[in-house]
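Quick notes on the structure that follows.
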Amino acid sequence: MSLVLNSAGLNIQSVTTATAGAGNAATFPFGNAPSMTMAIDGTFTLTLTFEASVDGQTWFAIGATKLSDGTTVATATATGLFAFTNTGLAFVRARCSAYTSGGANICAGVGVW
């Protein structure tokens, strides 16, 4: 997994494999923020599954609001913005569950109270 900063100073994580280990998921801490928006960009043929954890060890599927149309989705296969509401979560991640080619570049920003 490579980690760089974009112009807004947000970490960008690259997801490039469906094999467990480095490059398999982009994970972001929620902290005390009420919401998080994840931006997915890049050229890829892969499926990202959204998951959340309260302890950073055990992960569960979670729905995200696709901001382009307001639908709730569990996965992403294209670029876009996806929003999450914090209901006591410690982390949210986009994990590659199916991979053919390319790489997704993912960054996230949190809301403030």
Per-pair calculated FRET efficiency, R0 = 22 Å: Ser101 and Asp55 via Cβ, rounded to 0.05: 0.10
Candidates Thr47, Thr87, Thr77: whichever shows maximal mean-square fluctuation once the chain is modelled as a Gaussian network with Cα springs under 10 Å: Thr87
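Multiply the residue separation of Ala74 and Asp41 by 0.36 nm, subtract the distance between their alpha-carbon atoms, and state the gained length in nm to one decimal. Spell out each step's value before the answer.
Values: separation 33, 0.36 × 33 = 11.88 nm, distance 1.72 nm.
Contour length minus Cα-Cα distance gives 10.2 nm.
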Length-normalised contact order of the chain in % [C-alpha pairs under 8 Å, at least 6 apart]: 41
Residue-by-residue Karplus 3J(HN,Hα) for the stretch 63-79, coefficients 6.51, -1.76, 1.60, Hz, glycine and proline x: x, 10, 8, 6, 5, 5, 9, x, 7, 9, 10, 9, 9, 9, 10, 8, 5
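Evaluate Rg over Rh across the chain, taking Cα atoms for both radii and Kirkwood's formula for Rh.
Details: Rg = 12.9 Å, Rh = 13.9 Å.
Over the Cα atoms of the chain, Rg/Rh equals 0.93.
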The chain: most fluctuating residue of Thr100, Thr17, Thr37 per GNM, C-alpha cutoff 10 Å: Thr100
For the chain, built as a Gaussian network whose Cα springs stay under 10 Å, the top-fluctuating residue of Asn86, Asn32, Asn11: Asn32
Neighbourhood charge, 15 Å Cβ-Cβ cut-off, centred on Gly23 and excluding it, Lys, Arg +1 and Asp, Glu -1: +2
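Throughout, read-outs are computed from the coordinates displayed, never taken from laboratory work. Predicted, not measured: the structure shown is a model, and the values here were computed from it. In this analysis, Cβ positions are derived from the backbone assuming ideal geometry, glycine residues included, and neighbour counts consider all displayed protein chains.
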